[in-house]
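Written out below as structure tokens is the structure these notes cover.
The values are calculated or read from the model by the stated rules, or taken from the named source; none is laboratory data. Please read these numbers as outputs of a predicted model, since none were measured by experiment.
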Amino acid sequence: MRELARFYGIIIRMFVEAGEPHKRPRFHAYYAGDVAVYGLSPVELIAGGLPRKQARLVEAWAELNSTRTGSACNPANCLPRLNR
């Protein structure tokens, strides 16, 4: 699992499926006890949910960082970070 961002108590992560690429590029957003899965192109909620304010922050983050999240889906970039 690769952590892409952390802001306002929200954690954005992208998971790597071992030996198999994602069927659709997506990331997971965590806030308190809530989890949401968002697609990248276009940015839309696939599963789960967040409170309205946090969902808007996540969607805005995804739009602003679309090139960053897209490159994170590249298998060459999906290795876990060793240093934080």
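Just one of (1) over 13 Å from the mean Cα position of the chain (by Cα); (2) modelled with pLDDT of 95 or more fails for Pro21. It is (2). In this structure, Arg2 does satisfy being basic (Lys, Arg), at pLDDT below 95 and under 12 Å from the mean Cα position of the chain (by Cα).
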